[in-house]
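The numbers here are math on the coordinates, done by the rules we state, and not lab data. The structure presented is a predicted model; accordingly, all values stated were derived computationally and were not measured. Cβ: placed from backbone, ideal geometry, glycine included. Neighbour counts: every protein chain shown.
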Amino acid sequence: MSAVKKVSENSTKRASTLRVIKGGLFARTKKEIAIENLWLICKASFWNTQLFTNDEEKEFKALLAEHFKGSKNVELTFKQLVERVCLTKRYLSRKKGRYISKPIDWLNINYKNGLSGTLSWYKVVQAQRGTVPHYNEGISLLAKALLKYADKRNILDMLHYRRELIRLKQHDLLQLFMNSIMHIQYFNF
């Protein structure tokens, strides 16, 4: 009995010296995480059936990083860019035959028919929200949901926002939400 007691006392002493280290192998900034998640959302939205090399994906993320330059609030910029992705997705689905260019062009900050060109669409939505507060609220809800999920990875948040998108009858955004979550959860480094 005393041998068992000594073993348990020794194991307790050793266990108390263990430290928990949170994080992965590489420390990443909030901006790097936002860029990674935004790329996965864009990929889920437009190019989910295409395979890209690691070098291509690094180049696409570098192009996305240009959209964050000078941003004082990474989360706000992330949400705005997600809303612009949603506006593009809806633009493409409204009429047969519309398409999006390849990622190397569409993500480029200097390409006026790409992500940069959607800024004017976003400004129109923002102006409309000044008079009609719930105008296009589904896309802002989706942006908020993806930001929260990318940050916390909480299944309860995912279920909550899924219910909200269903309640708002935003079925196209629900599909985008679920595809984006799958990409963030399983294709993230």
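Below, the figures for the structure above:
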{"read-out": "Cleavage-rule hits (trypsin sites (Lys or Arg not before Pro)) in the range 59-143: DSSP loop, at most 13 neighbouring Cβ within 10 angstrom", "value": "LYS69, LYS72, LYS95, LYS96, ARG98, LYS112"}
{"read-out": "When each of LYS79/LYS148; LYS43/LYS79; LYS58/LYS95; LYS144/LYS169; LYS31/LYS58; LYS72/LYS144 is checked by Cα-Cα distance, pairs over 20 Å", "value": "LYS58/LYS95"}
{"read-out": "Burial ranking of peptide ranges 162-170, 30-38 (average Cβ count within 10 Å, highest at the top)", "value": "30-38, 162-170"}
{"read-out": "Dipole moment magnitude, nearest 20 debye, the range 37-189 about Cα centre, only Lys, Arg, Asp, Glu C-beta charged", "value": "540 debye"}
{"read-out": "Cleavage-rule hits, chymotrypsin sites (Phe, Trp or Tyr not before Pro), the range 90-146, DSSP coil, Cβ neighbours within 10 Å at most 16", "value": "TYR99, TYR111, TYR135"}
{"read-out": "Relative compactness, the range 109-180, computed as alpha-carbon Rg over 2.2 N^0.38 Å", "value": "1.24"}
{"read-out": "Net charge of neighbours whose Cβ lies under 13 Å from the Cβ of ILE139, counting Lys and Arg as +1 and Asp and Glu as -1", "value": "+2"}
{"read-out": "Within the range 52-113: Cβ-based charge dipole about Cα centre, in debye rounded to nearest 20 (Lys, Arg +1; Asp, Glu -1)", "value": "560 debye"}
{"read-out": "Stretch gain in nm, segment PHE187-HIS171, where the contour uses 0.36 nm per residue and the Cα spacing is subtracted", "value": "3.4 nm"}
{"read-out": "Cα-Cα P(r), the range 63-189, percent of pairs per 5 Å interval", "value": "2, 10, 18, 22, 23, 16, 8, 1, 0"}
